[in-house]
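Before any comments, here is the structure.
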Amino acid sequence: MKNPSILAVDDDPVIRHLLEQRLKKAHYRVQVAEDGYVAEKMLRTHTYDIVLTDLMMPGDIGGIEVLEIAKEINSRIEVILITAHSSVDTAVAAMKKGACDYLEKPINFDELFLRIDKIANMQTILRSAQDLQVAMDTTENVASSTIQNLEMQVTGLQNSLDRIENILREDHVPDDIKIHHALDIIAES
Amino acid sequence: MIKIAPAELTLISQYIQTITGIYLDQSKSYLFETRLSSIAEAQGCASYQQLVHKSRQDPSKKIEKDIIDAITTNETLFFRDKGPFELLQHKILPEVIDLRSAQAPLKTRIKIWSAASSTGQELYSIAIVIKELLRELSNYSFTLFGTDISDAAIAQASYGKYNRFEIERGLDKIYLQKYFTLFGDSWKIKDEIRGMVNFKKLNLMQPFTSLGKFDIIFCRNVAIYFTLEDRKKLFNKLADSLADDGYLVIGSTESLTGVCPRFVAKRHLRSIFYQKK
């Protein structure tokens, strides 16, 4: 399993710092953003596997908007929302918009790491499924063009055979002419 | 997981061939185990032989349905290999529309059959192609009919809801936004497309002349699981169900050479379709 790269978004400097330190210490690759605007910029310029975002942030880009932006940029990014207990309903609504999970404050880091690892595992499995898919598609493409070429060749040969049969079965044509015609068709095909 | 005994292999593979047409040789014993073990356990059977016995005796056919759902593979994508749908859009549909609208310009009737529709992606893809090509459908009467052997597949097809892994492979983002609605991690087909299609359970091993004649038949990647003998029977029946000037599309790695002499292969760009001789 590859170490996932994480973007952590929180306007509270204490929590942001804590997230950064704890995630780094646990050997995750992590970058932080102090609000939705910075998060959007970073999402558009970097690639992340997981976004960890506070639900309530000042300005027009809150957690839900970060979720929507992340999913729009790359639907494979998984988003975990961090929420106060009072806004669990909003978090559930966010899950309907494609959020992967939510965590209530105060953050339990063991729980957070477990969820991150689960997501990373799933993303790894997904990637290998995609690799297999690519391999299968390639094989299938080569096989199908081979088979289709053969199919058309067989069709052409069958057609020639039918014409040769018709010629050879003709009653009032001398044999040497029939053979001559038949040979012409063979030469064509 | 209940282990399969070597002596049971023939019995099970024959039973599955009888109810589904799918021929799994005995090297596929892992498949029997991984897919049937939970059914056997739920039925309180200690062996697969018992399961087959119990299924045969079951008047409700519930066990048989469960086995069919478990064995049939539902690997299917929206616009799975683009070739057939480009073929439909640029060659087959325009020709069929010309032919049929010359016969009935005010109400042009066109019947299309997805013969192994699985969870519905192929038929919905066909519906999307039609919608994109014609926009105004009021002069046409399209019958878009999907059949599959698996009740579970038919149920999912009828519901038209797909998770994002099922949908993101193959389907253009534009079509996704246009014809689907997001529900959490899933996408549901919109009613305008859903309303164009119908699904029904059908075992291709059984007679199907009652369905009438179709102008276009898609029968992709299902006959590959059949024995040659069953494949011959199937395509012979499909020839009976296809209009004389109709079109048959099969899987891109399939061939009808040595299978059905009633069809002749024709090429359009990088795809092949079949018509009756």
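Which one, B:ILE16, B:LEU269, B:THR72, is farthest towards the positive end of the dipole of the protein assembly as shown when Lys and Arg carry +1 and Asp and Glu -1 on their Cβ? Comparing the listed Cα positions along the dipole, B:ILE16 ranks first. Bridging of B:LYS61 to lysines at a Cα separation below 20 Å is possible for B:LYS200, B:LYS201, once same-chain residues fewer than 8 apart are set aside. Under 5 Å between amide hydrogens, built in the peptide plane, is the criterion, and for B:LYS200 it picks out B:GLY146, B:THR147, B:ASP148 among residues at least 5 positions away or on other chains.
Taking Cα pairs under 8 Å and at least six residues apart, what relative contact order does the range B:87-207 come out at, in percent? Let's see the in-between values first.
Numbers: 164 pairs, mean separation 34.3, N = 121.
Taking the mean separation of contacting Cα pairs over the length of the range B:87-207, I get 28 percent.
In chain A, the calculated helix contribution to ellipticity at 222 nm averages -21500 deg cm²/dmol per residue, counting -39,500 (n - 2.57) for every DSSP H run with n ≥ 4. Helices in chain B, meaning DSSP H runs of at least 4 residues, each add -39500 (n - 2.57). Divided by all residues, the mean residue ellipticity at 222 nm is -12000 deg cm²/dmol.
Under 15 Å from the Cβ of B:LYS213, count the other residues' Cβ atoms, weight Lys and Arg +1, Asp and Glu -1, and hand me the total.
Counting the neighbours of B:LYS213, the net charge comes to +2.
Which value in Å is the Kirkwood Rh of the protein assembly as shown over different Cα pairs? Kirkwood radius, the protein assembly as shown: 26.3 Å. Between amide H atoms placed 1.01 Å from N, distances below 5 Å from B:GLY246 occur with B:LYS276, all of them 5 or more places distant or on a separate chain. Computed from point charges on the beta carbon alone (+1 for Lys and Arg, -1 for Asp and Glu), the dipole magnitude for the range A:137-188 about its Cα centre is near 40 Debye. In terms of overall dimensions, the range B:228-277 has a Cα radius of gyration and Dmax of 10.4, 31 angstrom.
Subtracting the Cα-Cα distance of A:GLU188 and A:ASP175 from their residue separation scaled by 0.36 nm leaves 2.7 nm.
In the frame of its principal axes, the range B:83-276 has Cα extents of 48, 40, 33 Å, reported largest first.
For B:LYS161, the aspartates and glutamates whose Cα falls under 19 Å of its own Cα, not counting residues fewer than eight places away in the same chain, are B:ASP69, B:GLU75, B:GLU122, B:ASP148, B:ASP151, B:ASP172, B:ASP185, B:ASP191, B:GLU192. Highest mean packing comes first when the peptides B:61-67, A:126-132, B:271-277 are listed by Cβ atoms within 10 Å, giving B:271-277, B:61-67, A:126-132. Calculated FRET efficiency, A:ASN149 to B:THR227, Cβ-Cβ distance, R0 = 25 Å: about 0.45 to the nearest 0.05.
Taking chain A as a Gaussian network of alpha-carbon nodes connected by springs under 10 Å, the highest mean-square fluctuation of the residues A:ILE179, A:ILE125, A:ILE15 belongs to A:ILE179. Every Cα-Cα pair in chain A was counted, and those over 30 Å apart are 45% of them.
Kindly state, to the nearest 0.05, the FRET efficiency for B:LEU269 paired with B:GLU33, given R0 = 30 Å and r defined as their beta-carbon distance.
Working: r = 44 Å, r/R0 = 1.45.
It comes out at approximately 0.10.
Label positions at B:SER210 and A:LYS97, each projected 7 Å from the Cα along the C-beta direction, are separated by 5.0 nm. With a simple spin-label model that places each label point 7 Å from the Cα along the Cα-to-Cβ direction, the separation between A:THR138 and B:LYS62 comes to 4.8 nm. For the residues B:THR143, B:THR257, B:THR20, a GNM of chain B with alpha-carbon springs under 10 Å puts the largest fluctuation on B:THR257.
Where the eigenvalues come from the Cα gyration tensor of the range A:137-188, what are the semi-axes √(5λ) of the equivalent ellipsoid, largest first, in whole Å?
Details: eigenvalues 256, 16, 3 Å².
For the range A:137-188, the ellipsoid semi-axes come out as 36, 9, 4 Å.
Counting lysine pairs in the range A:5-107 that sit 8 or more residues apart in sequence, or on different chains, and whose Cα atoms lie under 25 Å apart gives 12.
Go through B:LYS82/B:LYS233; B:LYS107/B:LYS131; B:LYS111/B:LYS173; B:LYS65/B:LYS190 and tell me which ones have a Cα-Cα distance over 20 Å in this structure.
Details: B:LYS82/B:LYS233 28 Å; B:LYS107/B:LYS131 17 Å; B:LYS111/B:LYS173 28 Å; B:LYS65/B:LYS190 29 Å.
Over 20 Å Cα-Cα: B:LYS82/B:LYS233; B:LYS111/B:LYS173; B:LYS65/B:LYS190.
In sequence order, the range B:127-136 has phi-based couplings of 4, 5, 4, 4, 4, 5, 6, 9, 6, 9 Hz under the Karplus curve 6.51 cos²θ - 1.76 cosθ + 1.60, θ = phi - 60°, and Gly or Pro positions carry x. This model, with +1 at the C-beta of Lys and Arg and -1 at the C-beta of Asp and Glu, gives the range B:74-169 a dipole about its Cα centre of some 300 debye. Normalised Debye scattering of the range B:189-256 at q = 0.27 Å⁻¹ gives log10 I(q)/I(0) of -1.33, counting only Cα atoms as equal scatterers and leaving out solvent. Values of log10 I(q)/I(0) for the range B:62-145 across q = 0.14, 0.16, 0.23 Å⁻¹ run -0.56, -0.68, -1.12, by the Debye formula with one identical scatterer at each alpha carbon and no solvent.
How much accessible area is lost when chains A and B come together, counting both sides, with a 1.4 Å probe, in Å² rounded to the nearest 100?
On the way: alone 11870 and 13550 Å², together 23550 Å².
Roughly 1900 Å² of accessible surface disappears when A and B pair.
Taking Cα centre as origin and charging only the Cβ of basic (Lys, Arg, +1) and acidic (Asp, Glu, -1) residues, the dipole magnitude of the range B:83-276 rounds to 160 debye.
Note on A:ASN121 and B:LYS188: the model spin-label points, each 7 Å out from Cα along the C-beta direction, lie 3.1 nm apart.
On the basis of the beta-carbon distance and an R0 of 25 Å, B:SER101 and B:THR257 show a calculated FRET efficiency of 0.15. Please give the Cα centre distance for the range A:102-142 versus the range A:53-81, rounded to the nearest Å. Answer, in whole Å: 19.
For chain B, the longest principal axis of the alpha carbon atoms and the long axis of helix B:228-241 meet at an angle near 30°.
Once Rh for the range A:5-107 is found with the Kirkwood sum over Cα pairs, what is the Stokes-Einstein diffusion coefficient at 37 °C and 0.692 mPa s, in µm²/s? Provide the component values of the computation, followed by the final result.
On the way: Rh = 13.2 Å.
The Stokes-Einstein estimate is 248 µm²/s.
Summarising the amide proton neighbourhood of A:LEU52: residues at separation of 5 or more, or on other chains, whose placed amide H is nearer than 5 Å comprise A:LEU7, A:ALA8, A:VAL9, A:ILE80.
The values are calculated or read from the model by the stated rules, or taken from the named source; none is laboratory data. Keep in mind that this is a model prediction, so the values were computed, not measured. No Cβ is skipped: glycine too gets one built from the backbone with ideal geometry, and neighbour counts run over all protein chains shown. Remember, those area values only see protein heavy atoms, side chains included, never the ligands or the DNA or RNA. Shrake-Rupley method; radii C 1.70, N 1.55, O 1.52, S 1.80 Å.
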